[in-house]
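Trainee: Just passing along the structure, written as structure tokens.
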Amino acid sequence: MREPSSSRRRGGKSRLLHSLAVGLAGALIAWSVPVWAQPSTAVHQFRVVGGLAGISQYTRWEEPFWTRELPRLSGGRFRADIVPFDRAGVPGEEMLRLVQLGVVPFGTALLSSLTATFPQYTAPDLAGLNPDIASLRASVAAFRPYLEQTLRKEQGVEVLALYVYPAQVLFCRKPLAGLSDLSGRRVRVSSAGQADFVGALGAVPVHTAFAQIVRSMEAGSMDCAITGTMSGNTLGLHAITTHLHALPITWGLAIFGANRTAWEALPPDLRALLRQELPRLEASIWEESERDTAQGMACNSGAATCTAGRKGQMVVVPVSEQDERRRQEIFQQTVLPRWLQRCGARCADIWNQTIGAARGLGTQKNP
């Protein structure tokens, strides 16, 4: 990880983290305080910071698991409170650091938010890398051993699950026939990799928070937005945009991890239970993501197969052969080289030994 070049910047960063730690400590650090249900029975209760509020990953899977399934599976011995990270007062880009510090003992960090601080961990969901979920699974499988080992060793974070959101695609207010039509348009992005991708198409990337997409689109400050197929439907983009391009630019991977000290302080039977059940939760979320990707396409376009969202009348633009060629070119010539530049000298080796080898994407040299 590269440190900021300015001592002033380092001091500002430290003060920010200190302020966050102080502000969040009262609400989040009390994860290990037992609640005595009966004189002889201790109920171990702790706190979790989950994914984005209002999205099915959180409402249908994360929140029910921690508040209902965990108590049921443990016979009432273990309980957890959970709050979405975007309503917890936790900046997404600081989540991993706060887990590392123990201020957030159990937290969910979006890989896309780690670009500035830990770019090496963002490799499996680089823009243009995974045009379908099978490619994403292959990238994650190749990268996961490195991710788990390095987070444990260098950050003191125990990876407990990897979650994924539905495919992140383009919603546009004006017609487009293919990716080349994005030239000159202002496009909402959520990561540096997405910005690199749309910039290579001649578009103007506009970094915008998820909750601000509709407002910005309605205000006319954006022409298109990259977001999840079903997430966009939930936001109401199907009512204010007309065209939806089918290419998954990214997916939206998230790490669910624990501060290692906090993890090791849990009762051994709770750790065993979570090691057994969290992979099942992860598998359910991945299956839901794949379903929601298809449902988002169906609902936004008003297809009869839409059952999980609100029907729109959007035009779905299929991925043409020209679009597929452009995806490959942009990834190889722009997105991957710029990731290597941001990531530093060791990242070429990381790439070559993980995703590059597994996906047949060539040997990279240190920048």
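A short reminder: the numbers here are calculations on the coordinates, not readings from a lab. Quantities reported herein were computed from a predicted structural model and do not represent experimental measurements. We place every Cβ from the backbone using ideal geometry, glycine too, and count neighbours over all the protein chains shown.
Trainee: What does the charge add up to near LEU179, with Lys and Arg as +1, Asp and Glu as -1, over the other residues with Cβ less than 15 Å from its Cβ?
Mentor: Details: positive: LYS174, ARG185, ARG325, ARG326, ARG327; negative: ASP181, ASP196, ASP223, GLU321, ASP323, GLU324, GLU329.
Neighbour charge sum, excluding LEU179 itself: -2.
Trainee: From the C-alpha coordinates alone, can you work out the Kirkwood hydrodynamic radius of the stretch 191-327, in Å?
Mentor: Details: mean 1/r = 0.0573 Å⁻¹.
Roughly 17.5 Å, rounded to one decimal.
Trainee: Could you list HIS44, HIS245, HIS207 so that the one with the fewest beta carbons within 10 Å of its beta carbon is first and the one with the most is last?
Mentor: Details: HIS44 18, HIS245 24, HIS207 11.
Listed from fewest to most nearby Cβ atoms, that is HIS207, HIS44, HIS245.
Trainee: Once both axes come from the Cα atoms, what is the angle between helix 321-330 and the longest principal axis of the chain, in degrees from 0 to 90, rounded to 10?
Mentor: Long axis of 321-330 versus the principal axis of the chain: about 60 degrees.
Trainee: Additional query: Taking R0 as 56 Å, what's the FRET efficiency between SER180 and THR59 from their Cβ-Cβ distance, rounded to 0.05? Kindly include the intermediate steps, with their values, before the conclusion.
Mentor: Values: r = 37 Å, r/R0 = 0.67.
So the FRET efficiency works out to roughly 0.90.
Trainee: Could you give the semi-axes, largest first, of the ellipsoid that matches the stretch 189-269, computed as the square roots of 5 times the alpha carbon gyration tensor eigenvalues and rounded to whole Å? Spell out each step's value before the answer.
Mentor: Details: eigenvalues 224, 50, 30 Å².
Sorted largest first and rounded, they come to 33, 16, 12 Å.
Trainee: Suppose every K and R has +1 on its Cβ and every D and E has -1 on its Cβ; what is the size of the dipole of the chain about the Cα centre, in Debye to the nearest 20?
Mentor: 760
Trainee: How compact is the stretch 64-196 by the rule of thumb for globular proteins, expressed as Cα Rg over 2.2 N^0.38 Å?
Mentor: On the way: Rg = 17.9 Å, N = 133, 2.2 N^0.38 = 14.1 Å.
Ratio of Cα Rg to 2.2 N^0.38 Å: 1.27.
Trainee: Aspartates and glutamates near LYS174 by alpha-carbon distance under 20 Å, same-chain residues fewer than 8 away left out - which ones?
Mentor: The reachable aspartates and glutamates, counting only those whose Cα sits under 20 Å from LYS174, are GLU218, ASP223, ASP323.
Trainee: Quantify how much of the Cα-Cα distance distribution of the stretch 41-140 extends past 25 Å, in percent.
Mentor: Values: 1572 of 4950 pairs.
That fraction is 32 percent.
Trainee: Over the alpha-carbon set of the stretch 144-252, divide Rg by the Kirkwood Rh and report the Rg/Rh ratio to two decimals.
Mentor: Across the stretch 144-252, the Cα-based Rg/Rh ratio is 1.07.
Trainee: I'm a student and want to see the number: the projected area of the Cα convex hull of the chain, averaged over all directions, in nm². Could the numbers behind the result be given before it?
Mentor: On the way: hull surface 75.4 nm².
Averaging across all directions leaves 18.9 nm² for the Cα convex hull.
Trainee: Sequence-distant or interchain residues sharing an amide H contact under 5 Å with GLY102, placed H: which?
Mentor: Hits under the 5 Å cutoff: none.
Trainee: Same structure again: For helix 268-301, what angle does its Cα long axis make with the longest principal axis of the chain, in degrees from 0 to 90 and rounded to 10?
Mentor: Here the helix axis deviates by roughly 20 degrees.
Trainee: For the chain, what is the percent of antiparallel DSSP beta bridges, rounded to the nearest 5?
Mentor: On the way: 25 of 42 bridges.
Antiparallel bridges: around 60 percent, rounded to the nearest 5.
Trainee: Tabulate in residue order the Karplus-calculated ³J(HN,Hα) for the stretch 208-224, using 6.51 cos²θ - 1.76 cosθ + 1.60 with θ = phi - 60°, rounded to whole Hz; enter x for Gly and Pro.
Mentor: For the stretch 208-224, the Karplus-derived couplings read 9, 5, 3, 5, 9, 4, 5, 4, 5, 5, 5, 6, x, 7, 9, 9, 9 Hz, x marking Gly and Pro.
Trainee: Check GLY54: other-chain or 5+ apart residues with amide H under 5 Å from its amide H, H built from backbone geometry?
Mentor: It is THR59, by chain and number.
Trainee: Right, another one. Going 7 Å from the Cα of THR150 along its beta-carbon direction, which residues of the stretch 314-337 have the amide nitrogen within less than 17 Å of the resulting point?
Mentor: Within reach of a label on THR150: 336-337.
Trainee: Counting each DSSP H run of 4 or more residues in the chain as -39500 (n - 2.57), what helix-only mean residue ellipticity at 222 nm follows after dividing by all residues, to the nearest 500 deg cm²/dmol?
Mentor: On the way: 13 runs with 143 residues, N = 367.
Dividing the helical sum by the residues of the chain leaves -12000 deg cm²/dmol.
Trainee: What does the charge add up to near TYR163, with Lys and Arg as +1, Asp and Glu as -1, over the other residues with Cβ less than 11 Å from its Cβ? Please list the in-between numbers first.
Mentor: Numbers: positive: none; negative: GLU62, GLU282, GLU288.
Residues close to TYR163 contribute a combined charge of -3.
Trainee: Output needed: percent of Cα pairs per 10 Å distance bin for the stretch 289-366, bins running from 0 to the one holding the longest distance.
Mentor: 16, 28, 22, 23, 9, 0
Trainee: What is the P(r) of the stretch 263-333, as percent of Cα-Cα pairs per 10 Å bin from 0?
Mentor: Percent of pairs per bin, in order: 17, 22, 25, 19, 15, 3.
Trainee: Give me the net charge of ASN233's neighbourhood, meaning all other residues with Cβ under 14 Å from the Cβ of ASN233; Lys, Arg count +1, Asp, Glu -1.
Mentor: On the way: positive: ARG291, ARG310, LYS311; negative: ASP292.
With Lys, Arg at +1 and Asp, Glu at -1, the neighbours total +2.
Trainee: Something else about it: Which residue, ALA254, ALA294, LEU281, has the largest displacement toward the positive end of the dipole of the stretch 237-305 when charges sit on each Cβ (Lys, Arg +1; Asp, Glu -1)?
Mentor: Of the listed residues, the answer is ALA254.
Trainee: With 10 angstrom as the radius, rank GLU329, GLU277 by how many other C-beta atoms surround their C-beta, starting from the fewest. Provide the component values of the computation, followed by the final result.
Mentor: On the way: GLU329 12, GLU277 16.
Going from sparsest to densest Cβ surroundings: GLU329, GLU277.
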